[in-house]
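Novice: First the structure, then my questions, so here it is.
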Amino acid sequence: MNKIKLRFPGLFLFFSLISLFVQAEIKLPAIFGNHMVLQQQTDAAIWGKSAAGKTVRVNTSWNNKNYQVQSDQQGNWKVKVNTPRAGGPYEITVSDGTTLKLEDVLIGEVWICSGQSNMAMPMKGYHNQPVIGSNEAIATSANPDIRLITVERDKSPEPKDDFTGEWKECLPENVANFSATAYFFGKMIQQVLDVPVGLIHSSWGGTNIEPWISEEGIKKYDWVPVPDKNNEGEYYYKNPSALFNAMIHPVVGYGLRGAIWYQGEANCYEPDRYQKLMPGLAEDWRAQWGIGDFPFFYVQIAPFDYSTLGSKVNSAFLRDAQRKAVDATVNFGMACILDAGEKTGIHPANKKVVGDRLSYLALAKTYGKNGFAFSGPVLKEMIVEGSLVKLTFDHAANGLTSFGKELENFEVAGGNKQFFPAKAYITGKGITLFSPEVENPVAVRYAFKNFVVGDLFNTEGLPASSFRTDDWK
C-alpha cells in the first residue's frame, strides 16, 4: 500500500506535464507548411493556435527578424512578416516554448484558383475525358519554382479555420492530379517572370456561384434563398456560402497576388442574375481579404450543346452575361475560349489554351508586360448604312482574321426581332455584314448559339466573344 501511495504523486505529475505539453504545442493551419510560397514584397500574415496567453515568436531566415505576439484566450495568434523580393528557399521558425520549423519556403507570386469542374479537371484528365498534351506536359513538369496545394472538397454551415491539404513540390506525380487550368496558368507566369509561383487550388464540380460567396456577401442578393443551417442534407454543398465557409474562409488572409476563376455552367439558366453575382464574388473575396482590389480573372464558359443534357437553355446568354460583367468592377478580366468548346463534351480537352489566356491577362494587366495581346476583338461600334451593318472592334490594332474560313456565325435582325444568317466580310476597318432577308437591320448577334466554333479572331489568334447588340429576352 505504501508503495502504491508513493507512486500516485509521480503519475499525477507525469500526466500533468504531458497535458501541459499538448496544450502548449504550436499548431498551424494547412495553408502553412513545408514547400509553401509566400507573396513577395508584402506584409504576409502567419497565424495559428497555441495555449492561451502564450508568447509566440516567429523568426524568418531571409532577414533573421523576430516577430512576437501574445495568443488570446482561445489560443489564437497572428503576426505579419515582411517578405523580400522573390527568392528562397528559406526557413520560418515558430515557437511558444516548443518549436515548429517550416522548411523549403519560397517567396514569389501566389494565386488562388477556384470554380467548378473545369477548374477541378486534373492534368491527367477525367475518366474517358483527356486533357490534350497532358502526358508530355506532366512528364516535363518538374520545376523547383512552382508549388501546389489543393483544398480538399468540404462544406460547412459556418466558416471554418482549416482544411485538409498540403503544399507539394511541382513534380510529375503531383502535377498529374492538380488542376490543369491552374497548372498551365502558373507555368507561364513562372516562365515569364522567372520567380517562384504558388498555386492554391480550391474547386468543386457541378457547383453554382452562390456557395462560393460569403454569408455577408450573399445578403446583397435578395433572390438568393437563406439555407437552413440545421439541416445539411445530401446537397448542402450547393447552398449559399457552404463552400466559401469550408474551402475559401480557411485561406482568407493568406498573402496573394490575385485569383483566377472558371465556373458558370451550373448557372447557365439565370444569366441576368449571374451578371451581378460574378463581380459580386470578386468584390466579396476582396472585402474578406482586406488587401485592396486584387486582380480577378475568369474564364468565359465554352460553347457546348446543352440539349445533350436534356436542357433547352441557350448558354450564349450566360456567355454574354460574362462578357458584360467585365466592366462591372475594377481589375477584372475575362479569357474567351469560344474556339475551344466541344459539342458533346462539357469539359473541353484543351486546357492549355485556357491557362495560357488567363496568364496573358495577368501578365499584361497585373505585371505590366506588353508586346502581346491579352484579349480577343471586342465590339466597339455598330453603324447601319441602309441594309449594311458595319462593325469596328477594340483589341484588333493589327486587324481581324478568320484564318481563311468563311465567317458563319453572324446574324442580323430588323424591327420584328427575327434573326437571319448574315453574310460577313472582313474589311480594312472591321466587319461589314448584311442579310437579303433584312432590309433595315437594327441588331446583330455573333456566335449566339449553344454550340459554335468561333471564327473571328485578331491577328494574334485570340477569339472574339459571343456578343449581341440587342437586349431582347
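The values are calculated or read from the model by the stated rules, or taken from the named source; none is laboratory data. Just so we're clear, the structure is a prediction, and the values are computed from it rather than from any experiment. Here Cβ is always computed from backbone atoms with ideal geometry, including for glycine, and neighbour counts include all displayed protein chains.
Novice: Of all the residues that make up the range 287-313, how many are assigned to a helix (DSSP H, G or I) and either over 20 Å from the mean Cα position of the chain (by Cα) or of a type in the set (Lys, Arg) (or both)?
Specialist: 4
This table checks each residue for (1) in a loop (DSSP other than H, G, I, E, B); (2) closer than 23 Å to residue 298 by Cα.
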{"site": "90", "(1), (2)": "no, no"}
{"site": "102", "(1), (2)": "no, no"}
{"site": "156", "(1), (2)": "yes, no"}
{"site": "159", "(1), (2)": "yes, no"}
{"site": "185", "(1), (2)": "no, yes"}
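Novice: I'd like the full set of residues that are aromatic (Phe, Trp, Tyr) and in contact with a Pro (Cβ under 9 Å, 6 or more places away or on another chain), limited to the range 49-89.
Specialist: If the condition is that a residue be aromatic (Phe, Trp, Tyr) and in contact with a Pro (Cβ under 9 Å, 6 or more places away or on another chain), then 62 is the only one that fits.
Novice: Does residue 312 satisfy the criteria of being farther than 19 Å from residue 358 by Cβ, touching a residue at least 12 places away in the same chain (Cβ under 8 Å) and basic (Lys, Arg)?
Specialist: no
Novice: Go through the range 46-84 and give me each residue that's buried (at least 16 other Cβ atoms within 10 Å of the Cβ) and either modelled with pLDDT under 95 or among the aliphatic types (A, V, I, L, M) (or both).
Specialist: Scanning the range 46-84 gives 46, 51, 56, 58, 69, 79, 81.
Novice: Now for a separate question. Considering only the range 122-133, state which residues are surrounded by fewer than 24 Cβ atoms within 10 Å (Cβ to Cβ) and of a type in the set (A, V, I, L, M).
Specialist: Correct list: 132 only.
Novice: Got a sec? Which of 237, 274, 262, 269 is under 22 Å from residue 182 (Cα atoms) and aromatic (Phe, Trp, Tyr)?
Specialist: Being under 22 Å from residue 182 (Cα atoms) and aromatic (Phe, Trp, Tyr) holds for just one of 237, 274, 262, 269, which is 262.
Novice: Among the residues of the range 381-411, write down those that are more than 35 Å from the chain's Cα centre (by Cα) and among the hydrophobic types (A, V, I, L, M, F, W, C).
Specialist: If the condition is that a residue be more than 35 Å from the chain's Cα centre (by Cα) and among the hydrophobic types (A, V, I, L, M, F, W, C), then 383, 384, 388, 389 are the ones that fit.
Novice: Quick check: anything in the range 295-306 surrounded by fewer than 21 Cβ atoms within 10 Å (Cβ to Cβ), over 28 Å from residue 252 (Cα atoms) and in contact with a helix residue (DSSP H, G or I) (Cβ under 7 Å, 6 or more places away or on another chain)?
Specialist: Checked the range 295-306: no residue is surrounded by fewer than 21 Cβ atoms within 10 Å (Cβ to Cβ), over 28 Å from residue 252 (Cα atoms) and in contact with a helix residue (DSSP H, G or I) (Cβ under 7 Å, 6 or more places away or on another chain).
Novice: Give 362, 396, 373 a once-over and let me know the one that is in contact with a Gly (Cβ under 9 Å, 6 or more places away or on another chain), assigned by TED's automatic domain parsing to the domain that holds residue 113, crowded, with 16+ Cβ neighbours inside 10 Å and small (Gly, Ala, Ser).
Specialist: 362
Novice: On to the next question. Please find, within the range 161-183, the residue that is surrounded by the most Cβ atoms within 10 Å (Cβ to Cβ) out of those that are part of a helix (DSSP H, G or I) and of a type outside the set (Ser, Thr, Tyr).
Specialist: Checked the range 161-183; the qualifying residue surrounded by the most Cβ atoms within 10 Å (Cβ to Cβ) is 182.
Yes or no, residue by residue, for (1) closer than 26 Å to residue 471 by Cα; (2) modelled with pLDDT of 95 or more; (3) assigned by TED's automatic domain parsing to the domain that holds residue 462; (4) of a type in the set (A, V, I, L, M, F, W, C):
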site: 280; (1), (2), (3), (4): yes, yes, no, no
site: 286; (1), (2), (3), (4): no, yes, no, no
site: 299; (1), (2), (3), (4): yes, yes, no, yes
site: 304; (1), (2), (3), (4): yes, yes, no, yes
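Novice: Looking at residue 225 and the list (1) under 30 Å from residue 85 (Cα atoms); (2) surrounded by fewer than 23 Cβ atoms within 10 Å (Cβ to Cβ), which single condition is not satisfied?
Specialist: So residue 225 meets the others, but not (1).
Novice: Quick check, is residue 345 crowded, with 17+ Cβ neighbours inside 10 Å and of a type in the set (Gly, Ala, Ser)?
Specialist: no
Novice: So which residues in the range 423-466 are without any contact (Cβ under 8 Å) to a residue 40 or more places away in the chain and aliphatic (A, V, I, L, M), if there are any at all?
Specialist: Correct list: 424, 426, 443.
Novice: Within the range 128-146, can one find any residue that is of a type in the set (D, E, K, R) and in contact (Cβ under 8 Å) with a residue 40 or more places away in the chain?
Specialist: Yes, some residue in the range 128-146 is of a type in the set (D, E, K, R) and in contact (Cβ under 8 Å) with a residue 40 or more places away in the chain.
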